[in-house]
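The values are calculated or read from the model by the stated rules, or taken from the named source; none is laboratory data. Just so it is clear, the structure is predicted and the values come from calculations on it, not from any experiment. Glycine also receives a Cβ, built like all others from the backbone with ideal geometry; neighbour counts cover every protein chain displayed. Just the protein is used for accessible areas: all its heavy atoms, side chains included, with ligands, DNA and RNA removed. Shrake-Rupley method; radii C 1.70, N 1.55, O 1.52, S 1.80 Å.
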Amino acid sequence: MNKIAFITGASSGIGKATALKLANDGYDFIICGRRAEKLAELTNSLGEKVKAISLIFDVRDREGVQKSISSLPEEWKNISVLVNNAGNAHGLSSIDTGNLDDWDAMIDGNIKGLLYVSKAIIPYMIKNKKGHIINISSIAGKQTYANGAVYCASKKGVEAISEGMRLDLTQYGIKITNVAPGAVSTEFSEVRFKGDKEKAAKVYEGYEPLLAEDIADFISYALTVPERVTIADVTIYAKAQAAPTTIYKS
Ligand code: NDP
């Protein structure tokens with residue numbers, strides 16, 4: 001069996017691109033998400049070179065996460081790499097008009113979901129005295145922008161968790177890499193704007209945004225540096241982007 005990578009949010013965007021990239025790097029996979037059909041498509045496209053298991057759960061479902069992960073066959077619990085990628089922004093509203101369900105979805109998914117998955121997997125890494133956790137944060141975790149207070153708070157939470165994980169887990173030989181992407185053209189904006197494709201497309205108009213593959217390439221690189229090296233924290237912008245809301249459009 002190859003090394004095993006566990007990727008959350010692999011049904012689209014950055015998670016899917018990461019699975020495809022790491023398949024080339026020779027990993028076997030546990031891929032997760034809520035949309036079973038998308039994960040099945042991905043498993044098919046990974047080809048016969050690698051083995052893959054899909055786990056269907058909502059990261060906000062504490063028991064579901066624990067049950068799914070503990071139900072893995074023993075040989076699949078030997079997880080080398082965890083990519084905590086599942087997450088989304090929901091809405092773009094001022095703090096006085098924001099929707100409470102959106103706030104719950106972001107805090108519960110982006111922070112608590114990441115914690116539930118990590119809590120279930122870290123013991124296997126500690127047992128092996130080895131592992132690599134890659135947390136997908138955001139430039140929203142570095143700098144707050146107007147109408148994004150809660151999404152930014154959720155990603156600042158991810159930044160704090162990455163730092164805390166590094167402090168607590170380095171002693172067990174576990175590496176932590178925090179990745180903060182800028183604007184990446186994925187389903188992200190469509191989810192944020194609740195299926196409004198036109199509004200979502202505007203986010204990426206007039207400049208060349210990052211592609212999910214650009215983030216996947218970096219993840220692959222972070223996993224291939226020598227064992228003595230940890231890439232702790234990286235911010236990745238599209239060339240036209242200088243800050244969360246400063247994008248030079250033509
Ligand atoms: P996508 O919307 O394309 O992908 C999001 C993925 O997360 C999907 O696979 C989705 O799967 C999964 N997901 C979301 N919520 C849950 C949940 N509650 N339970 C289980 N899975 C969930 O967006 P991206 O690929 O762009 O986003 C990936 C990560 O990158 C997110 O954490 C996002 O915050 C971050 N990011 C994105 C940026 C961008 O501009 N695109 C910029 C900076 C950071 P399913 O729907 O099947 O459950």
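A few remarks follow.
To keep it simple, each residue is scored yes or no on (1) on the phi > 0 side of the Ramachandran plot; (2) within 16 Å of the chain's Cα centre (by Cα).
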{"site": "I79", "(1), (2)": "no, no"}
{"site": "G87", "(1), (2)": "yes, yes"}
{"site": "A105", "(1), (2)": "no, yes"}
{"site": "G109", "(1), (2)": "no, yes"}
{"site": "P123", "(1), (2)": "no, no"}
{"site": "K129", "(1), (2)": "yes, no"}
{"site": "A140", "(1), (2)": "no, yes"}
{"site": "T144", "(1), (2)": "no, no"}
{"site": "Y151", "(1), (2)": "no, yes"}
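- Elements of type strands (runs of 3 or more DSSP E) contained in region 1-109, each with 1 or more residues being touching a Lys or Arg at 6+ places or on another chain (Cβ under 8 Å) and among the aliphatic types (A, V, I, L, M): 52-56, 79-84
- Near pairs, Cβ below 6 angstrom, 6+ apart or cross-chain, from region 200-227 (under 19 Å from N85 (Cβ atoms)) to any residue that is open to solvent by 60 Å² or more (accessible area, probe 1.4 Å) and not in a helix (DSSP H, G or I): S220/D25
- When restricted to residues that are within 12 Å of the ligand (Cβ to nearest atom) and open to solvent by less than 80 Å² (accessible area, probe 1.4 Å), region 58-79 contains 6.
- Residue match in region 215-234 (condition: near the ligand (Cβ under 10 Å from one of its atoms) and assigned to a strand (DSSP E or B)): no
- Taking the listed residues L55, L82, L92, the one that is surrounded by fewer than 19 Cβ atoms within 10 Å (Cβ to Cβ), within 16 Å of the ligand (Cβ to nearest atom) and not aromatic (F, W, Y) is L92, with no other qualifying.
- Taking each residue of region 125-140 that is over 14 Å from F6 (Cβ atoms) and looking for partners that are away from the ligand (no atom under 16 Å from the Cβ) and part of a helix (DSSP H, G or I) with beta-carbon atoms closer than 7 Å, six or more apart or interchain, yields I126/Y172; K129/Y172.
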